[in-house]
Amino acid sequence: MKRKIILGRYMEGDSWVHRLDPRAKTAAMPLFMVAVFLVDGYMGVLALLLFTAVVIRITRIPYRYYVRAMKPLMFLLLFILVFHILYDAGGGKLLDVGTFKVYAGGLEKGIVSASRMGLFIMLAAVLTFTTQPEQLAQGLGSLLRPLTCLGVPTDRLVLMLGIALRFIPTIFEEAERLWKAQQSRGLDLSSRPLREKARLIIALLVPVTTGAFRRAIGLADSMEARGYRLGARRSRFRAFVWKRADTLFVAAFLLPVAAAALL
């Protein structure tokens, strides 16, 4: 909890959401995505924010950790907002300073679009904060199992997801260690031009990428040494049981879909 929280990290807890079937939480995500894409105004955004705040409250994980999970993507949210403000000339004019003009329609679309992305990030954080990576991958595999009849390699998809969920936090931590090591050797970007800052940051991607490939090769060798084979029949350490609470959780996500369609 004292470390920097990033999207994809599991946080132990005993809340009602933690105890839900991973399949229920995974099935709720598409419903919430539909609600997010149906939102087209301030009232719809406000309704989804209230709903998301209630879900976050139920997880018993402080709100500040969800804010920290959004920090790596704050630049993207700001870019979406500024892009709409600068290039959308719909609605009445709010500000006119030389070549810089702000229109009400562009401002509204920018806020709504950035809010859509923020809402999706927050619910994705709910999913990853309250579900262990292996359970999340297993739950998704159960939901995608019918697609095997169509020739979709669900085993490969689930394996890729499980490995990605485990390695993303590790890669971020390794990048943070490299960055701190460079700073301890005197690296200071505050006084450097933007182009040089970008060059130095990109240079850090080389050891991070090399470390990721090294970990991937080691993991593949370990899996082969233990006899892991794709498509082989295997038992599960933990069997999922769908309960009434899981049905209620999924049904609750029909409310934001209905609210987004009406507002």
Cα-centre dipole for the range 75-175 with unit charges at Cβ (Lys and Arg positive, Asp and Glu negative), debye to 20: 240 debye
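Just to make sure I understand: if all protein chains stay in place, what is the order of LEU204, LEU219 by accessible area at 1.4 Å, largest first? Mind dumping the intermediate values first?
Details: LEU204 30, LEU219 55 Å².
Output order, biggest surface exposure first: LEU219, LEU204.
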Separation of alpha-carbon centers, the range 44-122 and the range 136-167, rounded to whole Å: 32 Å
Rounded if a/c under 1.5, otherwise prolate or oblate - the range 35-88, Cα gyration tensor axes: oblate
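Per the helix-only calculation at 222 nm, which mean residue ellipticity applies to the chain, given -39500 (n - 2.57) for every DSSP H run of n ≥ 4 and division by its residues, nearest 500 deg cm²/dmol?
Numbers: 10 runs with 176 residues, N = 263.
So the calculated ellipticity at 222 nm is -22500 deg cm²/dmol.
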Lys, Arg +1 and Asp, Glu -1 on Cβ, resulting dipole of the chain about Cα centre, debye, nearest 20: 760 debye
Of the DSSP H helices in the chain, those whose Cα atoms cover at least 18 Å axially and whose Kyte score averages -1.0 or more: 22-38, 42-59, 74-87, 104-129, 154-184, 194-225
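Please compute the alpha carbon radius of gyration of the chain, then divide it by the globular-protein estimate 2.2 N^0.38 Å. Two decimals is fine.
On the way: Rg = 21.9 Å, N = 263, 2.2 N^0.38 = 18.3 Å.
The value comes to 1.20.
Show me 80-93, 130-143, 29-42 ranked by packing, highest mean number of other Cβ atoms within 10 Å first.
Working: 80-93: 14.5, 130-143: 20.0, 29-42: 17.1.
The densest-packed peptide leads the list: 130-143, 29-42, 80-93.
Would you please report the Å³ per residue occupied by the convex hull of the alpha carbon atoms in the range 147-226?
Working: hull volume 10.5 nm³, N = 80.
Normalising the Cα hull of the range 147-226 by residue number yields 132 Å³.
Which whole-number percent gives the relative contact order of the chain, counting Cα pairs below 8 Å spaced six or more residues apart? Present the calculation step by step, with values, prior to reporting the outcome.
Working: 244 pairs, mean separation 89.4, N = 263.
Once divided by the residue count of the chain, the mean separation gives 34 percent.
The values are calculated or read from the model by the stated rules, or taken from the named source; none is laboratory data. What you are looking at is a predicted structure, and each value in this text was computed from that prediction instead of being measured. Because the Cβ atoms are built from the backbone with ideal geometry, glycine has one as well, and the counts that use them run over all protein chains shown. Accessible surface areas use protein heavy atoms only, side chains included; no ligands, DNA or RNA. Shrake-Rupley method; radii C 1.70, N 1.55, O 1.52, S 1.80 Å.
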